[in-house]
Amino acid sequence: MDFPVNRIAEPRTVRLVATARLRDPVLQKLVDDELQMADLAEIEGATSGRLTAASRGADDIDAREFVAGVPHAAFINAAFSYWRPRELNRFNGPGRGGWYAALTVETALVEVIFHMTRELERVGEFTATVDYAEIFASFAGEFVDLRGVSPVPDCLHPEPDVGYPAGNAIADSARTAGLNGIVYPSIRHCAGTCLVALRPQAVQSVAQGAIFRITWTGMREPEVSQVTA
């Protein structure tokens, strides 16, 4: 490993998750009793990327890596079960997800807004309303620590074509070395700090916080409001 590795202890980080993922399954509205729900759950399981990956694994993650019997295990496993099918993220690619979070909600909001705005730019229309829930988690253990590294490594380059391939290479090395993840300065929020957990078992003490509404009304810059405390 060519970068510093430090033991960290972060009691509360913030991940923002679209509230649509937190709602009861859509199929639940179609049934009248538990027996029918069990039948539909079997159908849903056959088509759910999260459930399929957790039971059978995926291209780059083994089923034995997923967690069970801990609070909000579904949230944790979902983060590692979904990925862009043909594109990289900064520290993960197709076949394996990651738990991205920030040390403050302000940083998390800036990061989410950047990525959502980029998607709206692709379709050419800045009109959308999305509610995001805070998901808190704690972390402890050894992480690659890119804070203060000079010169700035390629994996922190703001352009995805440069930063994402380099980031995936570092993530692969960190997992091979048995590390829990990567701590790094936010690329989108000056003075902010982000981290990515590279394995489900690294995510601890998950809990839900407030809900924020992000609204684009034809402009690139959205409005942000807190819906619940």
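What the table shows:
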read-out	value
Gyration tensor verdict on region 120-220 (Cα atoms; rounded if a/c is under 1.5, prolate if a/b is larger than b/c, oblate otherwise)	oblate
Added length on full extension, which subtracts the Cα-Cα distance from 0.36 nm per residue, R12 to S138	44.9 nm
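Just so you know, all these numbers are worked out from the coordinates, no wet-lab data involved. This structure is a prediction, so every number in the text was calculated from the model and none was measured.
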